[in-house]
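Asks: Before we start, here is the structure in question, set down as C-alpha cells.
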Amino acid sequence: MVNTLVILGPGWPLRGGLAAFDEQLARTFTQKDITTRIETFSLQYPSLLFPGTSQYSSEPAPTDVHIHAGMNSINPFNWIRIGLKLKKEKPDLIIVRYWIPFLAPCLGTICRIAKSNRHTKIISIVDNMIPHEKRIGDHFLTNYFAKSVDGFLTMSDKVSKDVKTFSNKPILLSPHPIFAHFGAPIPKANARQILGLDINDKIILFFGFIRHYKGLDLLLKAMAEQSIKDANIKLMIVGEFYEDAQPYHDLIKELNITDRVILHTQFVPDQEVKHYVCAADFIIQPYRNATQSGVTPLAYHFEIPMLVTNVGALADSVPNGKVGVVVAPNEHYIANGIETLYEHGKDYYTPYIKEEKKKYSWEQIADNFLILHQQL
C-alpha cells in the first residue's frame with residue numbers, strides 16, 4: 001500500500017520535458033489520494049556542463065504540485081543530508097528518475113541512505129540506461145546507481161533490455177504517456193497567423209533540442225532532394241542547439257535550402273508549444289538512435305501525423321501507415337516518407353491517431369508504479 005511518495009528528479013524551477021513529466025506524474029498520484037512531493041535539484045548541472053541557454057523556467061511555479069528544490073548534483077554532503085531526510089520521513093515509495101550517468105553518484109547515494117530505513121521501496125523510471133553520447137566511466141556510474149534501487153519502470157522495450165545488462169531486479173514496461181499541459185489544439189490557420197506563416201504553405205516540423213543523434217542533418221539533406229524541392233515543402237526547426245549550431249547553418253547554405261527552412265532555435269515556453277505544433281502539417285523525427293521520444297506523445301496530443309526512423313524503440317508507438325510512416329535513417333528514405341505523408345494527407349491518419357492515443361494515459365503509468373511496488 002502506498003500512502004506517501006517522493007519523486008526524485010527534475011521539477012520547477014527547472015524546465016523541459018523531464019520536469020513537465022514529473023509534475024504531471026505527481027498530479028496523477030495526488031489525484032489518487034497519495035501524498036506526493038517532487039524533490040528536485042537546487043543545482044542539476046553546473047553551468048559549464050549545460051549545453052543550452054538556461055536550465056530554469058521563466059513560468060510561474062505550479063500551484064497544484066508540492067515541489068522542494070533541495071538536491072545538489074555535485075555536493076556529496078548534500079546527498080547525505082537529503083538521504084537522511086528521506087530515511088527519517090519513511091515514504092512508502094521513492095520514484096527516482098535516471099537519464100544520465102553524471103547524476104548516478106548523487107541519486108545512487110541518496111537512494112542507498114533512504115532505503116536503509118528498511119521501509120521505503122525505490123523504483124527508478126529510466127529514460128536512458130545507456131546514454132546516446134557515451135563517455136568513459138558511464139558503465140561504472142550506471143552500475144552504481146542500478147544497485148541502489150529495488151525495481152525499474154521503463155517506457156520502451158529497448159530500455160528494458162539495456163536495464164537487464166545492469167540488473168536482474170524487477171522491470172515493468174509502461175509506454176510514455178501523452179502530455180496534456182500544453183493546452184488544447186488550435187486550428188492550423190490560427191497557429192500560422194500567430195507565427196506569421198502562410199496558410200497555404202506545406203510545412204513540416206522538427207521539434208526539440210538539437211543534438212547529433214537526433215539526425216537533423218539527415219532531414220536537411222532530405223529537404224534538398226529534388227522531389228521535396230519540387231513540392232516546395234518547408235521545414236520549421238523549433239528547439240535549442242545543444243551542440244555547435246554553425247555546422248547546421250553551413251549545411252543549410254551548402255544545400256541551397258535557406259528559403260525553405262524556418263528557424264526558431266530558442267527554448268519554447270509551454271504555453272507557446274501549441275502554436276508551432278498546430279501550425280505543422282506533419283512532425284518529423286529523423287533520429288539516428290533513440291530509446292523513446294517525448295515528441296511522439298506531443299504529436300499524439302495534438303493529433304499530428306509523424307515520420308519516425310526505425311531506430312531503438314522509436315517506431316514501437318508509431319504504427320506504420322496508420323499513425324504516420326516509419327523509414328530508415330537515411331535522407332532518401334526520409335524524403336520518400338515525407339512524400340508519402342503528403343500523398344495520404346492528414347485526414348487519412350487522424351482516425352488511427354485518435355484510437356492509438358487511448359493507450360497512453362497518466363493513470364495507467366501511475367497504476368503500473370503501484371503494481372510494481374506490490375511486487376518488491
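Asks: Take the range 147-162 and flag every residue that is surrounded by fewer than 18 Cβ atoms within 10 Å (Cβ to Cβ) and either more than 23 Å from L314 (Cα to Cα) or free of Cβ contacts under 8 Å to residues at least 12 places away in the same chain (or both). Lay out the reasoning, then the answer.
Replies: Here is the first cut: in the range 147-162, the residues surrounded by fewer than 18 Cβ atoms within 10 Å (Cβ to Cβ) are 147, 157, 161.
Once the filter is applied, which keeps residues that are surrounded by fewer than 18 Cβ atoms within 10 Å (Cβ to Cβ) and either more than 23 Å from L314 (Cα to Cα) or free of Cβ contacts under 8 Å to residues at least 12 places away in the same chain (or both), the range 147-162 yields K147, K161.
Asks: When only residues in the range 253-297 that are aromatic (F, W, Y) and within 23 Å of E59 (Cβ to Cβ) count, which is surrounded by the fewest Cβ atoms within 10 Å (Cβ to Cβ)?
Replies: Applying the first criterion (aromatic (F, W, Y)) to the range 253-297 yields 267, 276, 282, 287.
Add one more test, that the residue is within 23 Å of E59 (Cβ to Cβ), and what stays is 267, 276.
Values: F267: 17, Y276: 24.
Among those that are aromatic (F, W, Y) and within 23 Å of E59 (Cβ to Cβ), it is F267.
Asks: For residues in the range 163-207 being without any contact (Cβ under 8 Å) to a residue 60 or more places away in the chain and in a helix (DSSP H, G or I), which is farthest from K234 (Cα to Cα)? Show your work before the answer.
Replies: From the range 163-207, those without any contact (Cβ under 8 Å) to a residue 60 or more places away in the chain are 163-169, 171, 173, 189, 193, 196, 198-201; that's our starting set.
Now narrow it down to the ones that are in a helix (DSSP H, G or I): 163-164, 189, 193.
Values: V163: 40, K164: 42, A189: 16, Q193: 16 Å.
Checked the range 163-207; the qualifying residue farthest from K234 (Cα to Cα) is K164.
Asks: Taking the range 239-252 on its own, how many of its residues are surrounded by 13 or more Cβ atoms within 10 Å (Cβ to Cβ) and either among the hydrophobic types (A, V, I, L, M, F, W, C) or part of a loop (DSSP other than H, G, I, E, B) (or both)?
Replies: Here the count works out to 8.
Asks: OK, next. Can you pull out the residues in the range 65-99 that are in contact with a Pro (Cβ under 9 Å, 6 or more places away or on another chain) and either crowded, with 16+ Cβ neighbours inside 10 Å or not hydrophobic (A, V, I, L, M, F, W, C) (or both)? Walk me through it before giving the result.
Replies: If we filter the range 65-99 for residues that are in contact with a Pro (Cβ under 9 Å, 6 or more places away or on another chain), which is where we start, we get 67, 69, 73-74, 76, 79, 97, 99.
I67, A69, S73, P76, W79, R97, W99 - these are the residues of the range 65-99 that are in contact with a Pro (Cβ under 9 Å, 6 or more places away or on another chain) and either crowded, with 16+ Cβ neighbours inside 10 Å or not hydrophobic (A, V, I, L, M, F, W, C) (or both).
Asks: Output yes when any residue across the range 115-137 is farther than 23 Å from I210 by Cα, at pLDDT below 95 and in a helix (DSSP H, G or I), and no when none is.
Replies: No: zero hits.
Asks: Only one of F182, F206 is in contact with a Leu (Cβ under 9 Å, 6 or more places away or on another chain), of a type in the set (F, W, Y) and at pLDDT below 95; which?
Replies: None of the others qualify; the one that does is F182.
Asks: Going through the range 65-112 one residue at a time, which ones are out of contact with any helix residue (DSSP H, G or I) (no Cβ under 8 Å at 6 or more places or on another chain) and over 25 Å from A20 (Cβ atoms)?
Replies: Answer for the range 65-112, where residues must be out of contact with any helix residue (DSSP H, G or I) (no Cβ under 8 Å at 6 or more places or on another chain) and over 25 Å from A20 (Cβ atoms): N75, F77, R81, K85, E89.
The values are calculated or read from the model by the stated rules, or taken from the named source; none is laboratory data. Computed from a prediction, not measured in an experiment: that's the story for all the values here. Cβ atoms come from the backbone with ideal geometry, glycine included; neighbour counts cover every protein chain shown.
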